[in-house]
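The values are calculated or read from the model by the stated rules, or taken from the named source; none is laboratory data. In this text the structure is predicted, and so the values were computed from the model without any measurement. Note: ideal-geometry Cβ built from the backbone for every residue, glycine included; neighbour counts use all protein chains shown.
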């Protein structure tokens, strides 16, 4: 025990020394960056499995080991059950050293319980790599706890190129153009929208983009924190705009009942089938992955993407909603510190970004790193955006924002079923939100 | 020696007494030794979790134990609408499934006794038991799909309905301008027509692959005195075009039946559009008329029933679940049937009882113990039902299809992560199962 402590202490001192040296001479000696003094092993529970990012993350670890050869990162692919596994592990007192969490709401809970360690040691590294909006995403209760390592651009619309061509329309830049285009697409004989309403989160994403585009990032954050009630007139306005899409039932593939039955994957495969059954899908950058893996559509000629059209002109018009993986630490030691700092730098992001399926807010990562034009089109706005907000439903208490069939997801499905009942749905959203925030 | 032997007589009597203590203790120790693994397992896997769950149900949502909340979690259980739906649905399950499964099993068992190939039949009915409930759920979910090109059940419906009400040529079309109004499933031109007039019937929302074959550029025929002419065309070109105006690049719609109706609504003439969409009602008597396209042109193809929709989801689940368990019930009842004394049945028949009477008055009463085993087992199964709902119901319908076990899983382990309310739901489920279990155990005792 004492021996370990001494070794760790020594390691810490050496790490500091080496870090100081490295800071002094990074530009001149690349080899001097190799740090053999810091050693140890890190257990990391992640959501990425062998088919969805584990190999890429292991490449990131390899890049890290080029600098810190003596730190061993034990990556465990937990999969989508990660929140459950983590909650149980934390309740049982044996959390991993690090984990990625996609829900800021869960991080806030862990912070409130005092289970997480702040990563303030990485503040300066992060500040030199990320815009302030990104540090804000990782800050909870005034302290930096999380590193937004991987981000998905959720402010995107994917469209079927041949359907747009048939209808003679071009990607819209404003909301009214979007609605006009939709009308023309309908007249051309193809429904404009493909909606995967069986997954409640596709609907909350649609609402969030409309709210963000109408009222901007500041107000968006207030609603996410429940400082604005769901009965607020701003919510009424956003829901009214949303009803212009989901209420246009003859323009949705499968109508309302189809939209309620199709999940996210169905909504993508329907729109990009051959021949396309619908023209547009409102969802994040990961749509591209579904298109290439489950349809024959080719990038550029069959499918393409455009940024969510602006609703209110102004600086917020380019704000981007993201979802992503926030890395957190349950313990603190030199090895973990070294890894966290490394993950905040450009080489870490580039190791994954060049393989695709990865977006980053790291401003030192050039857009040219992305492997193809479509990925560049979908990921570049994340890096350039002045305003970045996190997926709202992930920020709220999970009972309200992230439970299948309940809370926000369930209520937005009811809204899809009956888009005319705006005030009724607002009242229900508010009472569900109030109950969830009271419990929190 | 002899004396010694005599004097030594009492010790053999007394000897067992001192040795009895260690002997009994030893036996207890041996007993405890053999019981220990089982008790340990029971303690770790059953008693501790059960006690912890009960205690946990009185505490807040997160952490190993959370803060004391009294009976709040139980209040939540009965006041939250989706949890109330879960309880209501479980009641429906209990009311329908055990009775249906027992009845269907009984019918199958009795009937298969009398047919050749009964083994083959029994195997077919029993087969679903060999499939995991999750796989069954996924399979039935696919069969229940609303789109007839995906779901087997609605595909059957489409085949049947295709015979009786075939889809129209332009099932997807809608009018391009408000001057065409829907009427009785078809479309009617609002403006009245006189002889010498022209009727423009513009339609949109026709997918390129649904434009009838042989269509050419739409043409507005020149007006003819005494005739009413017009054209039916796909009023769309890339970019939208001008609605209501025949433009270059817009195709006529051939083969559409257009009717000319008098002011009284009587069909005066009926004609079919040509390749360029034009039509001509010749020698029309003076008066005012309406032109319309009949409903059969727009008849929608069979769109399928929403088996997975909000109205049918619970019955759909029940059907799939009964399909799984009917085989189990049939096999158990058939076993009971084969061990039933035949002479009683023979005697009843000899006494002149009809087959229905034999079934009703002899077979069923004699089978009562077996039937009650099936019935009670099904009640317990149904109270705990989870996997089939999880796999079969689309996520958007979980709120409607919810059952107690599913609600427990979602509340405690998914999203909400509320271990307090989750535990309360589990305890509630446990309380519901206890009386049924007690009944079962009492019967076991009686059987022994």
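The one condition from (1) crowded, with 20+ Cβ neighbours inside 10 Å; (2) away from every other protein chain (no Cβ under 14 Å); (3) touching a residue at least 40 places away in the same chain (Cβ under 8 Å) that residue B:424 does not meet is (2). Filtered by the rule that a residue be in contact with a helix residue (DSSP H, G or I) (Cβ under 7 Å, 6 or more places away or on another chain), more than 10 Å from chain B (Cβ to nearest Cβ) and assigned to a helix (DSSP H, G or I), the range A:186-212 gives A:202, A:204, A:206, A:207, A:208, A:210, A:211, A:212. Apart from one condition, residue B:343 fits all of (1) touching a helix residue (DSSP H, G or I) at 6+ places or on another chain (Cβ under 9 Å); (2) surrounded by fewer than 13 Cβ atoms within 10 Å (Cβ to Cβ); (3) without any contact (Cβ under 8 Å) to a residue 12 or more places away in the chain; the exception is (1).
Residues to consider are A:108, A:122, A:99; find the one that is in a helix (DSSP H, G or I), within 21 Å of residue A:362 (Cβ to Cβ) and outside the structural domain of residue A:224 (by TED's automatic domain parsing). Quick ask: steps written out before the conclusion?
Working: A:108 fails: within 21 Å of residue A:362 (Cβ to Cβ); A:99 fails: in a helix (DSSP H, G or I).
The unique qualifying residue is A:122.
Does the range A:247-268 contain any residue that is modelled with pLDDT of 90 or more, more than 14 Å from every other protein chain (Cβ to nearest Cβ), within 25 Å of the chain's Cα centre (by Cα) and assigned to a loop (DSSP other than H, G, I, E, B)? So far as the range A:247-268 goes, no, none of its residues is modelled with pLDDT of 90 or more, more than 14 Å from every other protein chain (Cβ to nearest Cβ), within 25 Å of the chain's Cα centre (by Cα) and assigned to a loop (DSSP other than H, G, I, E, B). Give all pairs with beta carbons closer than 8 Å in which a residue from the range A:67-86 that is within 12 Å of another protein chain (Cβ to nearest Cβ) meets a residue that is part of a helix (DSSP H, G or I) and modelled with pLDDT under 95; count only pairs at least 6 apart in sequence or on separate chains. Short answer, once both residue conditions are applied: A:83/A:106; A:83/A:398; A:86/A:106. Tell me, which residue of the range A:224-238 that is assigned to a helix (DSSP H, G or I) and at pLDDT 95 or above is surrounded by the fewest Cβ atoms within 10 Å (Cβ to Cβ)? Among those residues, the one meeting the criterion is A:233.
Yes or no, residue by residue, for (1) out of contact with any helix residue (DSSP H, G or I) (no Cβ under 6 Å at 6 or more places or on another chain); (2) modelled with pLDDT under 90:
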position: A:21; (1), (2): yes, yes
position: A:26; (1), (2): yes, yes
position: A:60; (1), (2): no, no
position: A:76; (1), (2): yes, no
position: A:88; (1), (2): yes, yes
position: A:108; (1), (2): yes, yes
position: A:115; (1), (2): no, no
position: A:127; (1), (2): yes, no
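Inside the range B:124-167, can you point out the residues that are without any contact (Cβ under 8 Å) to a residue 12 or more places away in the chain and within 13 Å of chain A (Cβ to nearest Cβ)? Scanning the range B:124-167 gives B:142, B:149, B:150. In the set A:139, A:106, only one residue is more than 14 Å from residue A:340 (Cβ to Cβ), more than 13 Å from chain B (Cβ to nearest Cβ) and within 21 Å of the chain's Cα centre (by Cα); that residue is A:139. Residue A:356 falls short of the stated requirement of being within 13 Å of another protein chain (Cβ to nearest Cβ), modelled with pLDDT under 95 and on the phi > 0 side of the Ramachandran plot.
Residues in the range B:280-313 that are in a helix (DSSP H, G or I) and within 14 Å of chain A (Cβ to nearest Cβ): B:298, B:313. Residues that are within 14 Å of chain A (Cβ to nearest Cβ) and crowded, with 17+ Cβ neighbours inside 10 Å do occur in the range B:215-228, at least one of them. Within the range B:56-76, the set of residues being within 14 Å of another protein chain (Cβ to nearest Cβ) and part of a helix (DSSP H, G or I) comprises B:56, B:72, B:73, B:75, B:76.
Within the range B:168-202, the only residue that satisfies the criterion of being modelled with pLDDT of 90 or more and within 14 Å of chain A (Cβ to nearest Cβ) is B:202. For residue B:232, the test of being within 15 Å of residue B:177 (Cβ to Cβ), away from chain A (no Cβ under 14 Å) and in a strand (DSSP E or B) is passed.
Going by what's in this entry, would residue B:243 be described as closer than 19 Å to residue B:193 by Cβ, modelled with pLDDT of 85 or more and either part of a loop (DSSP other than H, G, I, E, B) or within 11 Å of chain A (Cβ to nearest Cβ) (or both)? Write out each step before concluding.
Numbers: closer than 19 Å to residue B:193 by Cβ: no; modelled with pLDDT of 85 or more: yes; either part of a loop (DSSP other than H, G, I, E, B) or within 11 Å of chain A (Cβ to nearest Cβ) (or both): yes.
Answer is no for this residue.
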